[in-house]
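Reviewing the structure listed below.
Readers should treat all values here as calculations from the given coordinates under stated rules, not as data from a laboratory. Only a predicted model underlies this, so the values are computations on that prediction, with no experimental measurement involved. Here the Cβ positions follow ideal geometry from the backbone for every residue, glycine too, while neighbour counts run over all protein chains shown.
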Amino acid sequence: MALSAPSKDRVVVVKASDSGPDLPILESGGTARALVWPGMGARERTMHLLTLAPSDRTIPLSHVSECVYHVSEGGGVMEDLGSDDRHEVVTGSMLFIEPNTEYRFIAGPSGAVLLGGPCPPDNEMYEELKGNDSKPGG
């Protein structure tokens, strides 16, 4: 089964409250959902919503493509696991991760909400979601 479902809609409005599949990218706590992903027809972009309580963290991640996140609420630390650099981030920060960089995000004392993901999609992230195609609003 292909991960990408063709879409006949030219414009799709996605709300954060729309149900999207959970992503298996968290080491502890929180939620990670795909809002825009190949299973709903996206071919060039992804958008994930990560909602983390204090000290929640992602697993180590790496993508063949670049990746961008916006810290919409809270803050924490973005770790570059290849260089051991730690970057403190706050609400409003934009995080750019170069291709093939191993990284992890750790939420700070007030937790964090991040919006973003790899571009173009990293299909390996969705292997466990095959057959879970979902389109916003439907």
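Data for the structure
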| quantity | calculated |
| --- | --- |
| Cα-centre dipole for the range 26-126 with unit charges at Cβ (Lys and Arg positive, Asp and Glu negative), debye to 20 | 400 debye |
| Nonlocal amide H pairs with Gly108, under 5 Å, H built at 1.01 Å | Ser55, Gly75, Gly76, Val77 |
| ³J(HN,Hα), Karplus 6.51/-1.76/1.60, whole Hz, each residue of the range 34-50, x for Gly, Pro | 7, 9, 10, 7, x, x, 10, x, 6, 10, 10, 8, 10, 8, 10, 10, 10 |
| Selection from Leu81, Leu129, Val11, by position along the positive dipole direction of the chain (Cβ) | Val11 |
| From phi via Karplus (6.51, -1.76, 1.60), per-residue ³J(HN,Hα) for the range 13-20 in Hz, x at Gly/Pro | 8, 10, 9, 4, 7, 5, 6, x |
| Phi to ³J(HN,Hα) by Karplus 6.51 cos²θ - 1.76 cosθ + 1.60 over the range 54-69, Hz, x for Gly, Pro | x, 6, 4, 8, 7, 6, x, 10, 7, 9, 6, 10, 6, 9, 9, 10 |
| Convex hull projection area averaged over all views, the range 26-126, Cα basis, nm² | 5.5 nm² |
